[in-house]
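Chemist: One structure follows; several queries about it will come next.
Only the coordinates and a few stated rules stand behind these numbers; no lab work does. All of these numbers come straight from a predicted model, not from anything done at the bench.
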Amino acid sequence: MAAAAATDEAAAVAPSGDTTTTTQATSLLNLRPYQQHCIDTCLTKFESGVRRQAVSLPVAAGKTVIFSHLLSKIKDPLPGASKVLVLAHREELLQQAQKKIRDVNPHLVGLLRAHS
């Protein structure tokens, strides 16, 4: 299975043989159909009480694009509780996430780094 939510259902499946890169095919307003399906499935599951979800997609399928779009669609659990923590093992992944979030939701981005 190319993609799955942490539930028993598939959240999204990237079309096999799709060789177009995410940045070429995805604009801020035009998500790929499987990306929109993934977002819709995550939101449906979230509304039904599934709070711990995972999305698994192949390289360059748009995981960062998906979660960047999800951020503004999920209601804050409490008033003022509007922060999201993004963890990554590579600086490049944090920079990618920061850029995509800023592209989709410019008011949501702040960055703190741990120093070793």
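Chemist: Please report Rg (one decimal) and Dmax (integer) in Å for the Cα set of the stretch 22-108.
Modeler: In order Rg, Dmax, the Cα atoms of the stretch 22-108 give 13.0, 37 Å.
Chemist: Output wanted: per-residue J couplings in Hz (rounded whole) for the stretch 83-99, from phi through Karplus 6.51 cos²θ - 1.76 cosθ + 1.60, θ = phi - 60°, x for Gly and Pro.
Modeler: Using θ = phi - 60°, the values come out as 9, 10, 9, 10, 10, 8, 8, 10, 4, 4, 5, 5, 5, 4, 4, 4, 5 Hz.
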